[in-house]
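Participant: Below you'll find the structure I mean.
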């Protein structure tokens, strides 16, 4: 089972490398452009995946909170926290898109069903597989 999970993460990592290679100039300017006064709240907070603030979490690069969400020194720290969060979900046995999104973006705050449907469809197109990661 462990080797299967490792294989899935290799596929995801390979996909990320392809995306990084294809869009490097846009990605580089995205991370290196410091314009904290524009964009969404998540982008102004350097927290692009909108992780909720919890005083018990000691994220690297955490600078505080804004409207209930973590603020980070840079977007790199915000993405790092998001990846750590997702890895924690995987360790806890949440290994389907549905389980991850239900935890990450609960229906009390989001149109979770539509979010899940869109992500499942995108994942199928990208990875050629079913819902499970």
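Participant: Inspect all residues belonging to the range 55-66 and state whether any of them is over 15 Å from the mean Cα position of the chain (by Cα), at pLDDT below 65 and surrounded by 10 or more Cβ atoms within 10 Å (Cβ to Cβ).
Facilitator: For the range 55-66, residues over 15 Å from the mean Cα position of the chain (by Cα), at pLDDT below 65 and surrounded by 10 or more Cβ atoms within 10 Å (Cβ to Cβ): absent.
Participant: Then there is this: Determine if the range 86-109 includes at least one residue that is surrounded by 11 or more Cβ atoms within 10 Å (Cβ to Cβ), at pLDDT below 90, closer than 19 Å to residue 41 by Cα and in contact with a helix residue (DSSP H, G or I) (Cβ under 7 Å, 6 or more places away or on another chain).
Facilitator: Yes, the range 86-109 contains a residue that is surrounded by 11 or more Cβ atoms within 10 Å (Cβ to Cβ), at pLDDT below 90, closer than 19 Å to residue 41 by Cα and in contact with a helix residue (DSSP H, G or I) (Cβ under 7 Å, 6 or more places away or on another chain).
Participant: For the range 88-104, how many residues are in a helix (DSSP H, G or I) and free of Cβ contacts under 8 Å to residues at least 12 places away in the same chain?
Facilitator: So the answer is 3.
Participant: Which residue is nearest to residue 51 (Cα to Cα), if the candidates are limited to the range 110-133 and must be assigned to a helix (DSSP H, G or I) and modelled with pLDDT of 85 or more?
Facilitator: By that ranking, first place goes to 112.
The values are calculated or read from the model by the stated rules, or taken from the named source; none is laboratory data. Here the structure is a predicted model, which means the values were calculated and not measured. Ideal geometry is used to build each Cβ from the backbone, glycine not excepted, and the neighbour counts take in all protein chains shown.
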